[in-house]
Amino acid sequence: MIRGVVFDLGGVLINDKSSKMHRTFAQLFHTTTKNFERHYNKLEPLFFKGITSERHIWQTLSKRLRAKPQPKLSFYSVFRDCYSPKTGMFALAAHLRRHGYKIGLLSNIEKPALKHVVRQNYAVFHAAVFSCRAGFAKPEAPVYRTMLHKLRLKPHETVFIDNKIENVNGARRVGMKAILFKNVKQTTRQLHALLRKR
């Protein structure tokens, strides 16, 4: 029996604006978005896990892109300006909570971005796990187990929703039910089908 539902943040509860953010950063480094992403994507896993700082990220990119350090660079500001919640998904989470389900938030997120998320003071979640605090990131098994521990649920009692197949598969490997998010209607339909199975 399903007793809890865990949501990803970027791409599920909020619109995925990473490409827009990367374009902004690329402009500040006076390079192409493709070139910026080629170097940034190698550093992102450490940023997600809180192992490296924003300052170190920018210093490393400045060297690799052969660009002067940018005084206007602020991950927090760019993330804040791109932040766009999906009202339909937040409504779904609130509906589930009202009907007695435990609601979790599990996100791969950088410390500067987390600062803005925390300031939203979302009351719908019973528990949240953020990669930059946990030291693990999806699809690594420990981050899912941390979420389950916080919600006091067993894997088979929990549905996880994410927009990336590797993260969905990571949840399934630890025994959770999982849905690959494509849109609100499709996700709601698949979730209700799982919840009806008693």
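The values are calculated or read from the model by the stated rules, or taken from the named source; none is laboratory data. For clarity, every value in this text was computed on a predicted model and none was experimentally measured. Backbone-built Cβ (ideal geometry, glycine too); neighbour counts: all protein chains shown.
Key figures
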quantity: The one condition in (1) part of a helix (DSSP H, G or I); (2) of a type in the set (A, V, I, L, M); (3) crowded, with 18+ Cβ neighbours inside 10 Å that residue 161 fails to fulfil; calculated: (1)
quantity: First in region 28-41 and in contact (Cβ under 8 Å) with a residue 40 or more places away in the chain and under 13 Å from residue 78 (Cβ atoms), second anywhere and surrounded by fewer than 16 Cβ atoms within 10 Å (Cβ to Cβ) and not basic (Lys, Arg), Cβ under 6 Å, 6 or more apart; calculated: 28/70; 29/67
quantity: Selected residue (only one of 128, 123, 93 is in a helix (DSSP H, G or I), under 25 Å from residue 148 (Cβ atoms) and either of a type in the set (A, V, I, L, M, F, W, C) or outside the structural domain of residue 8 (by TED's automatic domain parsing) (or both)); calculated: 93
quantity: Subset tally (residues that are assigned to a helix (DSSP H, G or I) and either buried (at least 16 other Cβ atoms within 10 Å of the Cβ) or among the polar types (S, T, N, Q) (or both)) for region 24-38; calculated: 9
quantity: Only one of 57, 51 that is over 30 Å from residue 183 (Cβ atoms) and outside any helix (DSSP H, G or I); calculated: 51
